[in-house]
Amino acid sequence: MDLGNRWYDKNAKVSIAVGCIEKADAIMRGRMAKLIIKYAMAAKVVAKRPTVGFFRRWYDNDPNLSLAMEYFKNCDEQLQLKIAEHLMDCVKNQALLP
């Protein structure tokens, strides 16, 4: 199901999770970024910190969040879904993220 042109719009749950990150405050965004990186690294996903000439995307102005989103993008669809579901559960249950 292709919902849009952005990488995270290919799956509705991943798109919703990214929306949760976008709407979160800076502290929660930082926690979510750490969680994404932790899951991706545990699955041996590789990502490099993107170099940005100017800030285009909403997450480009935060280097850690930008790196987390790069990891998230580089995950296979199954891992993206697992991470998205965990992020949404944490937000829904107001659980503390690492």
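No value in this document is a laboratory result; all are computed from the given coordinates. Remember, predicted model here, so these are calculated numbers, not experimental data. Positions of Cβ are generated from backbone atoms using ideal geometry, with glycine treated the same way; all protein chains shown enter the neighbour counts.
Worth a mention:
- Computed over every Cα-Cα pair of the chain and binned at 5 Å starting from 0, the pair-distance distribution P(r) comes out as 2, 14, 26, 27, 21, 8, 1, 0 percent.
- Computed over the chain: relative contact order in percent, which uses C-alpha pairs under 8 Å that are six or more apart: 33 percent
- Extension gain, residue 61 back to residue 78 (0.36 nm per residue minus Cα-Cα distance, nm): 3.3 nm
- Pair residue 6, residue 28: separation of 7 Å Cα→Cβ label points (nm): 1.6 nm
- Packing order of peptides 33-39, 61-67, 19-25, highest average first: 33-39, 61-67, 19-25 (average count of other Cβ atoms within 10 Å over each peptide's residues).
- Each of residue 92 and residue 51 was given a label point 7 Å from its Cα along the Cα-to-Cβ line. The distance between the two points is 4.2 nm.
- With an a/c value of 1.5 or above and a/b not larger than b/c for the gyration tensor axes a ≥ b ≥ c computed over the alpha-carbon atoms, segment 28-73 is described as oblate.
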